[in-house]
Amino acid sequence: MRNTDATETSSDRAYATVKELIVSGELPGGELISEGQIAERTGTSRTPVREAFLRLAAEGWMRLYPKRGALVVPVAPDEATHLVAARRLVETGSLEAFAQDPGSRTSAAAQMRESLDRQRVLAEAGDSLGFAAEDADFHTIVVTHGDNPLLSTFYSGLRDRQRRMTANSVARNPDVLASIIDDHTRLTALVEQGDVTAYDDTLSLHMAATHALPRASRPASGLPDGIR
């Protein structure tokens, strides 16, 4: 009789392993991998790996080619642009929600400075993967203080794609770490001041420069009505 629990556990382990390899950039976009490679790496049979590949393909991380393997889907230019636009709307809208609350601004800025300290340590150690994770956590602080569970859940869903983009950007140009920390320092000060407009402009420049994208223009009427 099939051990369903064991199969699910093995499948989850294979899923988590492959997804982390993709998000961290260790498996770059365009890489073709086989079920056998992952089965050997995770110490499982091919069946749970196949299930993991199907799950990752459904989420858009992989494209399956029968009898050949699975292709890691690269970050498409339009995906990067859309991700940055979504992050900007959520982060700026979240800051707007607590910009008039000095206590929340002080709390957020304090947590952001603690994150900055960790970022400097990780950058000094050359830990680009740890830095990408801390970068995602840094931006999440603003969203969390916006105290909107729906936006927090939505933003959490972007985290892995955000980490992947940052890891790719650092791999292309390690010098970007210093620029990211400088930008984060400015963003922290703007949160403490509650300056929503300057935060939005700085965040837009920051993400465009980090990910080598054109800077998105500010909507003529400011934030869309739906985010207010």
Looking only at segment 76-121, count every residue that is assigned to a loop (DSSP other than H, G, I, E, B) and surrounded by 15 or more Cβ atoms within 10 Å (Cβ to Cβ) and tell me the total. 1
Check VAL75, VAL49 and return the single one that is closer than 16 Å to LEU158 by Cα and out of contact with any strand residue (DSSP E or B) (no Cβ under 7 Å at 6 or more places or on another chain). VAL75
Might you check whether a residue that is touching a residue at least 60 places away in the same chain (Cβ under 8 Å), part of a loop (DSSP other than H, G, I, E, B) and of a type in the set (A, V, I, L, M) occurs anywhere in segment 148-162? yes
Test LEU187 against the stated conditions and say whether it is within 18 Å of SER94 (Cβ to Cβ) and of a type in the set (A, V, I, L, M). yes
Residue identified as out of contact with any helix residue (DSSP H, G or I) (no Cβ under 6 Å at 6 or more places or on another chain) and among the hydrophobic types (A, V, I, L, M, F, W, C) among ALA52, ALA109, ALA85, ALA99: ALA85
Of the residues that sit in segment 25-69 and are closer than 26 Å to LEU129 by Cα, in contact (Cβ under 8 Å) with a residue 24 or more places away in the chain and basic (Lys, Arg), which one is surrounded by the fewest Cβ atoms within 10 Å (Cβ to Cβ)? ARG41
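Quick note: the coordinates plus some simple rules give every number you see, no bench work behind them. It should be emphasised that the depicted structure is a prediction, and the values quoted were computed from it without experimental measurement. Note that each Cβ is placed from the backbone with ideal geometry, even for glycine, and that neighbours are counted across all protein chains shown.
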